[in-house]
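First the structure, in the form of structure tokens, and then the observations on it.
All of the numbers you see were taken from the coordinates with simple rules; none came from a lab. Computed from a predicted model, the values in this text were never measured in an experiment. Because the Cβ atoms are built from the backbone with ideal geometry, glycine has one as well, and the counts that use them run over all protein chains shown.
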Amino acid sequence: MNIQEYISSGIIESYVLGLASPEERVEFDKMCELYPELREARTNFERSIEKQAFQNSISPPAGSKDRIWSAIQQSTVESTKVITMEPRQGRSTGLRWFAAAAVALLLLASYFAYTLYTKNRALQARIEHNDSLINKMTEGEKIMHNPNVMVVNMVGLKGSSSSANVYWDSTSTDVYMVVKNMPKLPSDKQYQLWALIGSKPVNLGLFDLPESNVVLKMKNTQEADAFAITIENRGNSGGPDLGQLQSMGKAKL
Amino acid sequence: MSTNTKYSEQELVSQLVQQNDQAFSYLYDNYSPALFGVISQIISNREAAADVLQDVFVNIWKKINLYDAAKGRLFTWMLNIARNAAIDKLRSRSYQDSQKNQPLTENVNTITANSVVNPQQNDIGLKKQVGKLKEEYRILIDLSYFQGFTHEEIAKILNLPLGTVKTRIRSALTQLRTMI
């Protein structure tokens, strides 16, 4: 509906004469802010209604003005009286207790609502977290059962008890790792996985110990004779510190 | 109490907000006949209409700070207060009891038989114009504007679909505008 259609829809008359629904009134007020021509059409209709009313004036009965003026003053006096008298009345005391109880109840309800809300939020976060763990684990499950995936058992070297499994998909060249038992490192250190091709180490990614038995996705490699894990400075970008070789496993049978 | 001061609509409103006696006097002198005319279109009994007029001015005085010039002219605001007060009166038990020889508005058959179909001789102003509308429009404006029935109530009274009531009232109003 364009604005001209809206103007001639009868809404102006409904609004001005008080026949529009609350929803229509809200919409009309909004439209008036947007369209000066609508406002103008409204004012025109208001003026014609006003003119009509003035042309059909009827004088009220004599004495009305004084009667109304005293009624107005009476109503003002009454409201003043109410303010001063109210606290002394028994009923009002009851009302005060009732109000106090209502406020207390409201506070209590708000407190419970807030507690529930916080608990709910915490549960939600846990559920999300668990879901993502489950997803990762099912992903791991899939990888382990894929016939193209070779499992390389990494064993600890030089008295290190570190052990892990590397899963290497020879068709997609994807490399995954599951940590079985590796000691925690100081925060400035990280583990790093390497593929050894011939005797050349190729970086397959740094990693921190995962919080549970989830599958870590490492960098892909097309070739590998063996895999090795070293301890490196956090964010290491150089070669492997072979003095810190933790575990190794042969990829070729 | 009388006044010679002349106010603009805006000045009048701000003086009323400050509860200025002179402003009341001006308001009454300038608007009471028009408002009394509006009330009389709904409440034919002169005494009862005067009671309504009193309620209307007390309400205007108390609620003037709620008037919003952005939403319409002062008279439109007062007109609606007057119409609502008159309809409240029309529907009050005390008024209906006092009009015992008149049909109750609650009685559907008598409404259509009395006030609606036969426009009365003392109809003035807007009501007179409404009397010139074709009957299916006249009855709708009478029930909604002059008797304050909701669209839903009218749909029930006339046994018409609600949508028809709404569109016919809109058409009736646009036609009314061309006549005013």
If one compares the long axis through the Cα atoms of helix A:90-145 with the longest principal axis of the Cα atoms of chain A, the angle in degrees, nearest 10, works out at 30 degrees
For B:LYS127, counting only aspartates and glutamates whose alpha-carbon sits under 19 Å away and dropping same-chain residues fewer than eight positions off, the answer is A:GLU13, A:GLU46, A:GLU50, B:ASP88, B:GLU135, B:GLU136, B:ASP142
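Could you grab the relative contact order for the stretch A:3-55? Cα pairs under 8 Å, six or more apart, rounded to a whole percent. Write out the running numbers ahead of the final one.
Details: 22 pairs, mean separation 20.9, N = 53.
The normalised contact order for the stretch A:3-55 reaches 39 percent.
Which of the peptides B:17-28, A:65-76 is most tightly packed, and how do the rest follow, going by the mean number of other Cβ atoms within 10 Å of each residue? Display every interim value, and only then the final one.
Values: B:17-28: 17.1, A:65-76: 15.5.
Per-residue mean Cβ counts within 10 Å order the peptides as B:17-28, A:65-76.
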For the stretch A:98-145, shape from the Cα gyration tensor axes a ≥ b ≥ c, cut at a/c of 1.5 then a/b versus b/c, turns out prolate
Once phi for every residue in the stretch A:225-237 is put through the Karplus expression 6.51 cos²θ - 1.76 cosθ + 1.60 (θ = phi - 60°), the whole-Hz ³J(HN,Hα) values, with Gly and Pro written as x, are 8, 7, 10, 9, 10, 10, 9, 10, 5, 3, x, 3, 10
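What FRET efficiency comes out for A:GLN4 versus B:THR167 if R0 is 22 angstrom and r is the Cβ-Cβ distance? Round to the nearest 0.05.
Working: r = 18 Å, r/R0 = 0.83.
After rounding, the FRET efficiency stands at 0.75.
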Filtered hits (lysines, Cα-Cα < 28 Å from A:LYS136, offset >= 8 within chain) -> A:LYS119, A:LYS180, A:LYS184, A:LYS189, A:LYS217, A:LYS219, A:LYS250, A:LYS252
Given Cβ charges of +1 for Lys and Arg and -1 for Asp and Glu, the option among B:ASN84, B:ALA50, B:GLN10 whose Cα lies farthest towards the positive end of the dipole of the stretch B:9-97 is B:ASN84
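Which order results if A:MET248, B:MET78, A:MET144 are arranged by neighbouring Cβ count within 10 Å, fewest first? Mind showing how you got there, number by number?
On the way: A:MET248 18, B:MET78 23, A:MET144 14.
Least to most surrounded, the residues fall as A:MET144, A:MET248, B:MET78.
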Amide H proximity to A:MET218 below 5 Å, modelled H, separation 5+ or other chain, gives A:VAL175, A:TYR176, A:MET177
For peptide B:166-175, the mean count of other chain Cβ atoms within 10 Å per residue Cβ is 4
Taking placed amide H atoms and a strict 5 Å upper bound, the residues 5 or more places from A:ALA226 or on another chain that come that close are A:LEU196, A:ALA251
Non-local residues with an amide H under 5 Å from the amide H of A:LYS180, with H modelled 1.01 Å from N and Pro and chain starts lacking one, are A:SER163, A:ALA164, A:ASN165
Under the Karplus relation with 6.51, -1.76 and 1.60 and θ = phi - 60°, whole-Hz ³J(HN,Hα) for the stretch A:176-193, x at Gly and Pro, equal 10, 9, 10, 7, 9, 8, 9, x, 5, 10, x, 5, 8, 10, 9, 7, 9, 9
Neighbours of B:ALA69 by Cβ distance under 13 Å: Lys/Arg at +1, Asp/Glu at -1, summed charge -1
For the stretch B:27-37, in residue order, the Karplus 3J(HN,Hα) values (coefficients 6.51, -1.76, 1.60; θ = phi - 60°; whole Hz; Gly and Pro = x) are 4, 5, 4, 8, 10, 4, x, 5, 5, 5, x
Relative contact order in percent for the stretch B:9-97 (Cα pairs under 8 Å, 6+ apart) equals 34 percent
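When A:SER8, A:SER163 are ordered from fewest to most other Cβ atoms inside 10 Å of their Cβ, what list results? Mind showing how you got there, number by number?
On the way: A:SER8 13, A:SER163 17.
Ranked by crowding around the Cβ, least crowded first: A:SER8, A:SER163.
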